[in-house]
1. Using the Cα centre as the reference, give the magnitude of the dipole from point charges on the C-beta atoms of the chain (Lys, Arg: +1; Asp, Glu: -1; all else neutral), rounded to the nearest 20 debye.
2. Magnitude of the Cβ-charge dipole of segment 132-252, K/R +1 and D/E -1, about the Cα centre, nearest 20 debye?
3. Provide the gained length on full extension for the span Ala41 to Asp238, in nm with one decimal, where the gain is 0.36 nm per separating residue minus the Cα-Cα distance.
4. With 5 Å bins from zero, work out the P(r) of segment 133-229 over every alpha carbon pair and list the percent per bin.
5. Roughly how many nanometres apart are two label points built 7 Å out from the Cα toward the Cβ at Leu200 and Ser67?
6. Using label points projected 7 Å from each Cα along Cα→Cβ, tell me how many nm separate Met250 and Ser97, to one decimal.
7. Just from the alpha-carbon atoms, what are the Rg and Dmax of segment 41-118 in angstroms?
8. How much accessible surface area, in Å² rounded to 10, belongs to the heavy atoms of Phe124 with a 1.4 Å probe?
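The values are calculated or read from the model by the stated rules, or taken from the named source; none is laboratory data. Note that the coordinates shown come from a computational prediction; the quantities given were computed from them, not determined experimentally. Positions of Cβ are generated from backbone atoms using ideal geometry, with glycine treated the same way; all protein chains shown enter the neighbour counts. Heads up: the accessible areas ignore ligands, DNA and RNA and are worked out on the full protein's heavy atoms, side chains in. Shrake-Rupley method; radii C 1.70, N 1.55, O 1.52, S 1.80 Å.
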Amino acid sequence: MPPASSNTISLNNGRKYKLSDILPEVISLGEMLVSNAHLKAASPLPADTDLSESEQKEVQDQITALSVLPPAAKSIFWSAFAAKHLPDIAAALRQLSHATQHQAISTAIQILSLMPDPKQEPYFRKFLRNSAASKDLPTIIANAFATEGTAWKPPASPFLHCTLIIHTLFWCDPSLGDDGKASIDASVRTALAAALNTMLADPRIRAKPLVDRVDVERLLNILNVIDSGEIPGSYYLDSTREYLEGQIDMCSGDLCDEDAELSCSKCKTVRYCGEECQSWHWKNGHKARCFTTEY
């Protein structure tokens, strides 16, 4: 992905566009998506009312449009989206009812499943690491897969749902769960493992390429390790998170490979070894992705 300079961004067609023109439109796309899905705190779905077919189509059309964005613009979109809208989506999921708002829950989880890997998307990582912001979310997302089912529409899939659950296990605080072993409650982990075993026994799933179903098997293995009783408490997930953090807790300036002691004072999502690298990164990409957050 070509880095954004302080004033321009290069897209797939090779042309450069003013960041001042691109960024407001990208931010507006995120506002439209959460608004159309009724995930904004200011305009929630009424109780016991689900998304209508026309609302579902509007959301799906927008998700499809996002999928064809040039990589540079898509990267900025997800950074802005994660910085601004994840708390509202989490709050909506805590309030929505599976009995009467199944499609709204499916849509919210579908959007979350399209988020980039937390290792690459610092705002998503920051949100998951904030226990107050992500409270109950891992259990809700896992329960939707394990017991309630989710109405999937392309480009999302049950495989991406499994990937999302893995992210919540690796990055969220295990104390969010009711037994302290993982961020997902124990009974939901048991139901989730059963659902994964059933899924993997389905010949249609086994016929899928390994690259598609790999995270189904990976998630089941993670759950088996957590609940095997061979590793005490949350040690497995804590050590995994520390390992992942060690891979990213270096200077973000691309000018060196040094330990980072200085962080961006505005977004607090990237770190630097010093002012030279921080200045370079601001001019070569970070300016387009620097946002304040509520979490």
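1. It works out to roughly 720 debye.
2. Computed about the Cα centre, the dipole is about 580 debye.
3. Stretched out fully, the Ala41 to Asp238 stretch lengthens by 67.7 nm.
4. Taking every Cα pair in segment 133-229, the percentages come to 2, 14, 26, 27, 18, 9, 4, 1.
5. Reported label-point gap for Leu200 and Ser67 is 2.7 nm.
6. 5.2 nm
7. According to the Cα coordinates of segment 41-118, Rg and Dmax are 13.3, 39 Å.
8. Using a 1.4 Å probe on the heavy atoms, I get roughly 0 Å².
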